[in-house]
Amino acid sequence: AFAPAALQRRTTASASVRPFGVPTSLRAEEGGQYASLYVRKSRPDYVPGKISDPDYVRIFDTTLRDGEQSPGATLTSSEKLEIARNLAKLGVDIIEAGFPIASPDDFNAVKQIADVVGNEPFDDGYVPVICGLSRANERDIKAAWDAVKGAIRPRVHTFIATSPIHMETKLNKTPDEVVEIAVKAVTYAKSLGCDD
């Protein structure tokens, strides 16, 4: 059974982090009656694009990027950092930290999350992948890579519209041209050093 990463202690110089929000009767280190339920099963080694354990499901969270698209939802950089740290405590495998090209503030928030949360491994070696979103163009991809490259496990997600109506009316491209743009985008990201 998967157990929340919040029950682990961090191995950072700042001191260990005590689990929060978990009743004493459930805490593994307290020997509670349900403690065995909260011992985290080891996760397979992280290899981009592969999961060696067929029973393991990677959790990919877009709260920090998608969440801000809700009307009235605006987060400060420190709030985003706090949320990212809590997502890591929960054991989220991949944190999409934002859309770095959107604004200097978003770039700085994603970079801070990559530099801080993306470099805080837990005792079992777990550290989340920190991801930046980009459109399929070099300027966006470069900004996303520059924001996340400081993480132990950086990732760039690049996207392009692929529905027939978007290709025809928005991009004015054929399906083959869209595939070519996507291939060039991934090739460019890899050329910068991104292997995920």
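Taking 27 Å as the limit for the C-alpha separation, the pairs 149/170; 80/184; 111/170; 149/184; 142/170; 50/170 exceed it in the case of 149/170; 80/184; 111/170; 50/170.
When every Cα-Cα distance of segment 109-196 is counted in 5 angstrom steps from zero, the calculated P(r) takes the values 3, 16, 21, 18, 14, 11, 8, 5, 2, 1, 0 percent.
Diagonalising the gyration tensor over the Cα atoms of segment 46-157 and scaling each eigenvalue by 5 before taking the square root yields semi-axes of 22, 16, 13 Å, largest first. Computed as a quarter of the hull surface, the mean projected area of the alpha carbon convex hull for segment 138-178 stands at 3.5 nm². Projected onto their three principal axes, the Cα atoms of segment 48-94 cover extents of 40, 20, 16 Å, largest first.
Since every read-out is calculated from the coordinates, none of them should be taken as a lab result. Only a predicted model underlies this, so the values are computations on that prediction, with no experimental measurement involved.
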